[in-house]
Amino acid sequence: MLPLAQIVKGLGAEVGGSDRSFDQGRTPDKFAWLEKRGFELFPQDGSGITNGDQVLVASAAIEDTVPEVAKAKELGCTRLTRAELLAQLFNAAPTSLAVGGTSGKSTTTAMLGWILERTGHEPTIMNGAVMKNFASADNPFASAVVGDGKVFVSEVDESDGSIALYDPTVAVLLNISLDHKSMEELRTLFGNFLRRANVAVVNLDDDDCEFLARKCPNVLSFALKHEKATFTIEPGTIEEHPDGIDALLVDRREDVGHSLRVPMPGRHNLENALAAITAAVAAGVEVHDAAMALASFKGLARRFDVIGTSERGVTVIDDFGHNPEKARATLRTLKAQDGRVIAFFQPHGYGPLRQMGRELAHTFAKELGPEDHTLMCEPVYFGGTVDRSEGSERIVDLIQQEGGSAEYIETREGCGERIVKLARPGDRVVIMGARDDTLTMFARDLLERL
């Protein structure tokens with residue numbers, strides 16, 4: 001909601017709103033910044049809705065029982081979901097680039113946005129994470145950029161089916177794996193998404209993506225391994241470092257190589273970089289220019305974000321990993337370097353935990369070794385109607401059944417105390433989870449205690 005609000009205000013609208021976190025006193029710095037920027041904040045009691053000319057925009061998670069929704073209905077206000085408003089703005093742009101897939105959307109969107117910015121396109125960018133290239137002391141929450149209106153870049157969400165609302169010039173599909181919906185539903189949503197675009201940019205290393213690409217008339221592809229991908233990496237040229245990855249990018253249309261430096265560790269980020277470069281090329285950017293732009297990419301907040309290393313030699317990393325695919329990518333990046341891993345995981349809801357709990361447990365059990373350790377607390381919960389009968393304890397049991405070292409402690413604070421006792425020099429502590437900005441504060445506090 002925050003980046004969408006930033007874009008709408010940047011286009012000249014008056015914007016106000018409410019948030020449960022505001023009422024609960026969470027992340028006060030963020031809300032103070034919003035007020036300073038001219039966003040009017042209200043308690044979630046309906047007081048912000050005063051006349052029928054207002055438009056109520058609410059995320060899909062907001063129930064009809066919330067006072068704002070009831071008041072808007074009473075006054076006859078137009079009501080839009082977050083995705084409906086975003087799709088209206090996105091579809092109105094002359095050139096629109098949508099990034100879809102189960103994992104890597106925010107990073108790829110930020111990479112693509114930065115390439116387009118560096119090559120003079122002045123894009124509007126809608127992201128789900130703070131983009132460090134655009135952040136500043138004046139704007140620390142730069143999850144959106146307002147451009148000149150000609151090019152719009154956005155990540156698009158399949159979890160609520162809203163991906164069906166977007167009609168992109170360029171549609172990027174990164175991967176397909178289990179998250180909020182069944183695999184059958186995901187294949188249908190993503191297949192239709194690709195076919196609506198002028199150009200489909202597809203990862204051929206993902207079997208489901210490759211299958212869907214066969215049904216698209218105009219495809220530009222990328223892959224780390226697939227022998228038919230338009231853009232790939234020359235075998236034997238990948239060099240992984242703690243702070244990034246180097247490789248030789250190959251454009252198979254001309255059999256030309258380009259040096260590529262991605263200032264983020266992990267092969268999944270090399271894959272994200274290939275996706276961003278391919279999408280930029282589909283929008284008219286030269287391959288060399290796209291690759292050069294990524295050398296100055298600074299990454300995202302909460303995407304393998306190294307908070308720091310304590311005097312005891314314990315490194316704390318803040319990460320958005322919350323589904324099996326994202327968690328796997330983060331854990332593999334950690335295990336590519338020496339040192340024990342202590343993984344703290346806060347599930348981002350009870351519903352997702354039921355949907356993908358078994359796969360999540362398998363990921364932690366498989367990717368971490370016997371010397372590593374996983375800690376889980378109960379899922380984040382801000383209120384509302386949700387079945388809370390199945391929690392994190394079941395996932396910890398499943399990890400243990402598969403031979404992994406895991407521990408359930410109900411509260412996040414309790415997990416923090418346990419981590420302080422467990423950690424020793426050379427350990428990497430990763431704080432994982434979504435939908436909760438206070439996880440970053442938890443990570444910073446943990447670093448001080450370590």
Next item on the list: Find the relative contact order for segment 163-230 and round it to a whole percent, using C-alpha pairs within less than 8 Å whose residues are 6+ positions apart.
Entry: 32 percent
Notebook entry, point to check: How far is it, in nm, from the label point at Glu234 to the one at Arg26 when both lie 7 Å from their Cα along the line to the Cβ?
Noted result: 4.9 nm
Margin query: With a 1.4 Å probe and all protein chains kept in place, how do Tyr381, Tyr350, Tyr408 rank by accessible area, largest first?
Written below: Tyr381, Tyr408, Tyr350
Item checked: Cα-projected label distance for Arg37 with His226, points at 7 Å along beta-carbon direction, nm -> 3.7 nm
Check: Could you give the accessible area per residue of segment 295-361, probe 1.4 Å, as a whole number in Å²?
Finding: 34 Å²
Next item on the list: State in Å² the accessible area per residue of segment 171-267; use a 1.4 Å probe, count heavy atoms of protein chains only, and round to the nearest integer.
Entry: 47 Å²
Item checked: Karplus (6.51, -1.76, 1.60) ³J(HN,Hα), θ = phi - 60°, over segment 328-337, in Hz, Gly and Pro reported as x -> 4, 4, 5, 5, 5, 5, 5, 6, 6, 10
Check: Which pairs in the list Lys132/Lys326; Lys9/Lys150; Lys132/Lys181; Lys150/Lys228; Lys105/Lys298 are over 27 Å apart, alpha-carbon to alpha-carbon?
Finding: Lys132/Lys181; Lys150/Lys228
Check: Looking at the square roots a ≥ b ≥ c of the eigenvalues of the Cα gyration tensor of segment 199-347, which shape do they give, rounded for a/c under 1.5, prolate if a/b is larger than b/c, or oblate?
Finding: prolate
Notebook entry, point to check: Ranked highest first by the average count of other Cβ atoms within 10 Å around their residues, in what order do 214-225, 313-324 fall?
Noted result: 313-324, 214-225
Next item on the list: May I ask you to evaluate 6.51 cos²θ - 1.76 cosθ + 1.60, the Karplus curve with θ = phi - 60°, for each residue of segment 285-299 and list the ³J(HN,Hα) values in order in whole Hz, giving x for glycine and proline?
Entry: 7, 6, 4, 4, 5, 5, 5, 5, 4, 5, 4, 9, 6, 9, x
Next item on the list: Determine the relative contact order of segment 370-450: mean sequence separation of Cα pairs under 8 Å and six or more apart, normalised by residue count, in whole percent.
Entry: 31 percent
Next item on the list: First compute the accessible area of the chain with a 1.4 Å probe, then give the percent of it belonging to carbon and sulfur atoms.
Entry: 47 percent
Notebook entry, point to check: When you count, for each residue, the other Cβ atoms within 10 Å and take the mean per peptide, how do 147-153, 275-281, 3-9 rank with the highest first?
Noted result: 275-281, 3-9, 147-153
Notebook entry, point to check: Remind me, relative contact order of the chain in percent, using alpha carbon pairs under 8 angstrom and six or more residues apart?
Noted result: 12 percent
Check: How much accessible surface area, in Å² rounded to 10, belongs to the heavy atoms of Glu286 with a 1.4 Å probe?
Finding: 120 Å²
Next item on the list: Classify segment 290-418 as rounded, prolate or oblate from the Cα gyration tensor: take a ≥ b ≥ c as the square roots of its eigenvalues, call it rounded if a/c is under 1.5, otherwise prolate when a/b beats b/c and oblate if not.
Entry: prolate
Check: Is it possible to state the helix-based mean residue ellipticity at 222 nm for the chain, with each DSSP H run of 4+ residues giving -39500 (n - 2.57), the sum divided by total residues, to the nearest 500 deg cm²/dmol? What is it?
Finding: -11000 deg cm²/dmol
Check: Quick one: Karplus J couplings for segment 145-154, per residue in order, coefficients 6.51, -1.76, 1.60, θ = phi - 60°, nearest Hz, x for Gly and Pro?
Finding: 9, 9, x, 8, x, 8, 10, 10, 10, 8
Item checked: Positive minus negative residues near Gly299 (Lys, Arg vs Asp, Glu; Cβ under 9 Å) -> +2
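Can you tell me how segment 363-450 classifies by the Cα gyration tensor, rounded, prolate or oblate, using a/c under 1.5 as the rounded cut?
oblate
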Next item on the list: May I have the convex hull volume per residue, in Å³, for the Cα set of the chain?
Entry: 142 Å³
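The values are calculated or read from the model by the stated rules, or taken from the named source; none is laboratory data. Note that the structure is predicted; figures quoted are calculated from it, not measured. For neighbour counting, all protein chains shown are included, and Cβ atoms are generated from backbone atoms with ideal geometry for every residue, glycine included. All accessible areas refer to the heavy atoms of the entire protein, side chains included, with ligands and DNA or RNA removed. Shrake-Rupley method; radii C 1.70, N 1.55, O 1.52, S 1.80 Å.
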